[in-house]
């Protein structure tokens, strides 16, 4: 048998062939493996992307980019804050390219020579002085001094802002708004046309400037563009509402300094809405403001007792009575008897609808005529002097209505409130005459059927007081969704919110049932007519409605979903900040609603009383 021995070179070639084949197989295997592995890039990458000359479509969203190309001679610190705080998703990219000082000094030297030569030539020709050239020369000389002394550096500064919207139409509107914000600061901006993809890439957190559009700037104006600026809501007047969670500054604000002093508060149960309002009430009273509260759950009794306020219980068994037929004295333009009577009849018609249910057109007309005749029966007419008249009662209205043709059905439905189960609540003269800085009306002991009617009557009584004497006041309506359930009561509250400004009254509406409140067209109108808004923790069921109503960003939405007790968003006019409601130890002891804490306070009080009696 013959053996052929391979040369050493052939053996090496064979091994190399095998190893290259194995390497290809390994690469193929690795490629197949990677196709089945999800990386971070796969997670954050968009599902689709379409590039157009004017915009980029990304996962159904449309976006475009603006870039700044020119700045004014002077620019204030924080000029960029209106854009940073704009309530819409924005991506902002800033690129700083340092330029060597010696290069800039050489160019400025040449520039100074050119400007001086031109000024000298103008002077020799007898031409009038050029203020623009003279100002430019002074600026160049100042900049040269600052650069030489090392107090300033020089940069090429690029600023890009990417705007997002759901549709192309909304995107165009957003572009106009952002451009107008730039223009209001005398900063000239342009849109990245035919460079949409490069502009979008430049605003990604990759530090990759694909547009390369910059402007020459020294340190001071560059620093004024610093983007991390939070909203401030600190004034010289007003009360402390809480702590600004952006920068730990104090939120001190006077609600009466806004175009209207109304406020709305939305939060889930236990989020701290009553706590926040009681804190505002306590601090407002320290400023001399009168406070009136409608309390559906006796939450404000301890506060009323602590400050020496009047706590009035409204129920079927209570001795406290309210007559809905009472008339205000009237101030200003409402002082004419005819206007006062007309306003009272309109308000009473709303109350009658709450009491009797829906009325036909004939019944509505009948009620209107009966109310006018009821007042006329007590000599209350447009020609009367209303300063010393006796207001009619519900039984007078029933009597007048019974004497009218077609009023029999209405009288039968009304008897429940005059001689039936609910008699006495609205059929007696008003016996409340409280002169107190704080008046609290409790409706806890009322049946659910009567609560909307009672709250309506109480608000009407308060409105009568407000219109009779001009003072700075706050009206707190807790659980306002009771009144939003019926159109008449919702319309009445809306009219109150709309008109209260000229009487120096600020209405605070509080609700935890956001869906019911905002589903009413009057509920949305109340929000629109309230310059002050406080949003605390929200339920997932109502968060989307809150987001749409208040135009919140996704970050603010999750802040409301995941916030702790007393944390939320505070709106004042066109500004809003994240707030933390904070009370001192003494304030906390007065305003707390925590049952455990209240029991501890009560036990400590009893222990103190026992110790004091033992010493005596």
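The values are calculated or read from the model by the stated rules, or taken from the named source; none is laboratory data. Because the structure is a prediction, the values reported are computed rather than measured. Glycine gets a Cβ as well: all are built from the backbone with ideal geometry, and neighbour counts include every protein chain shown.
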Next item on the list: Sort through 275, 302, 241, 311 and tell me the only one that's closer than 29 Å to residue 451 by Cα and in contact with a strand residue (DSSP E or B) (Cβ under 9 Å, 6 or more places away or on another chain).
Entry: 311
Item checked: Pairs, first free of Cβ contacts under 8 Å to residues at least 40 places away in the same chain in the range 197-219, second crowded, with 18+ Cβ neighbours inside 10 Å and in a loop (DSSP other than H, G, I, E, B), C-beta under 7 Å, six or more apart -> 198/211
Next item on the list: For the range 57-67, state whether one or more residues are modelled with pLDDT of 80 or more, exposed (fewer than 14 other Cβ atoms within 10 Å of the Cβ) and more than 30 Å from residue 138 (Cβ to Cβ).
Entry: yes
Margin query: Quick check on the range 136-154. Is at least one of its residues under 30 Å from residue 204 (Cβ atoms) and touching a strand residue (DSSP E or B) at 6+ places or on another chain (Cβ under 6 Å)?
Written below: yes
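Within the range 430-448, which residues are over 35 Å from the mean Cα position of the chain (by Cα) and either at pLDDT below 75 or loosely packed, with under 13 Cβ neighbours inside 10 Å (or both)?
431, 433, listed by residue number.
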Next item on the list: Taking residue 293 as the residue in question, decide whether it is in a strand (DSSP E or B), closer than 23 Å to residue 494 by Cα and touching a residue at least 12 places away in the same chain (Cβ under 8 Å).
Entry: yes
Notebook entry, point to check: Out of all the residues in the range 418-445, which are within 18 Å of residue 356 (Cβ to Cβ) and touching a helix residue (DSSP H, G or I) at 6+ places or on another chain (Cβ under 6 Å)?
Noted result: 418, 422, 426, 427
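One line per residue, one yes/no per condition, for (1) modelled with pLDDT of 90 or more; (2) over 21 Å from residue 61 (Cβ atoms); (3) surrounded by 16 or more Cβ atoms within 10 Å (Cβ to Cβ):
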| position | (1), (2), (3) |
| --- | --- |
| 171 | yes, no, yes |
| 186 | no, yes, no |
| 194 | yes, no, no |
| 221 | no, yes, yes |
Note to self: I'm told residue 142 meets every condition in (1) surrounded by fewer than 13 Cβ atoms within 10 Å (Cβ to Cβ); (2) over 49 Å from the mean Cα position of the chain (by Cα); (3) within 17 Å of residue 217 (Cα to Cα) except one. Can you identify the failing condition by its number?
What the structure shows: (2)
Check: Out of (1) out of contact with any strand residue (DSSP E or B) (no Cβ under 9 Å at 6 or more places or on another chain); (2) assigned to a loop (DSSP other than H, G, I, E, B), the odd one out for residue 453 is which?
Finding: (2)
Note to self: Given the criteria out of contact with any strand residue (DSSP E or B) (no Cβ under 6 Å at 6 or more places or on another chain), within 20 Å of residue 579 (Cα to Cα) and assigned by TED's automatic domain parsing to the domain that holds residue 300, does residue 260 qualify?
What the structure shows: no
Next item on the list: Determine which single condition residue 576 fails, assuming it passes every other condition in (1) farther than 17 Å from residue 268 by Cβ; (2) modelled with pLDDT of 85 or more; (3) in contact with a strand residue (DSSP E or B) (Cβ under 9 Å, 6 or more places away or on another chain).
Entry: (2)
Check: (1) modelled with pLDDT of 85 or more; (2) over 16 Å from the mean Cα position of the chain (by Cα); (3) surrounded by fewer than 23 Cβ atoms within 10 Å (Cβ to Cβ): which one isn't true of residue 531, the others all being true?
Finding: (2)
Next item on the list: Any residue in the range 577-600 that's more than 18 Å from residue 280 (Cβ to Cβ): show its pairings with residues that are in a loop (DSSP other than H, G, I, E, B) at Cβ separation under 8 Å, as long as the two are six or more apart or on different chains.
Entry: 598/592
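Each row is one residue, and each column tells you yes or no for (1) assigned to a strand (DSSP E or B); (2) surrounded by 24 or more Cβ atoms within 10 Å (Cβ to Cβ); (3) free of Cβ contacts under 8 Å to residues at least 24 places away in the same chain.
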position	(1), (2), (3)
243	yes, no, no
246	no, no, no
252	yes, no, yes
270	no, no, no
288	no, no, no
Margin query: Whether any residue in the range 492-500 is under 19 Å from residue 297 (Cβ atoms), surrounded by fewer than 21 Cβ atoms within 10 Å (Cβ to Cβ), within 19 Å of the chain's Cα centre (by Cα) and assigned by TED's automatic domain parsing to the domain that holds residue 528 is what I want to check.
Written below: no
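For residue 57, indicate whether it is free of Cβ contacts under 8 Å to residues at least 40 places away in the same chain, under 30 Å from residue 182 (Cβ atoms) and not in a loop (DSSP other than H, G, I, E, B).
In short, yes.
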Margin query: Looking at the range 35-54 only, could you name the residues that are modelled with pLDDT under 80, assigned to a loop (DSSP other than H, G, I, E, B) and within 17 Å of residue 206 (Cβ to Cβ)?
Written below: 39, 45
Check: Out of all the residues in the range 233-249, is one or more modelled with pLDDT of 85 or more and out of contact with any helix residue (DSSP H, G or I) (no Cβ under 9 Å at 6 or more places or on another chain)?
Finding: yes
Next item on the list: May I ask you to verify whether residue 72 is in a loop (DSSP other than H, G, I, E, B), modelled with pLDDT of 80 or more and in contact with a strand residue (DSSP E or B) (Cβ under 6 Å, 6 or more places away or on another chain)?
Entry: no
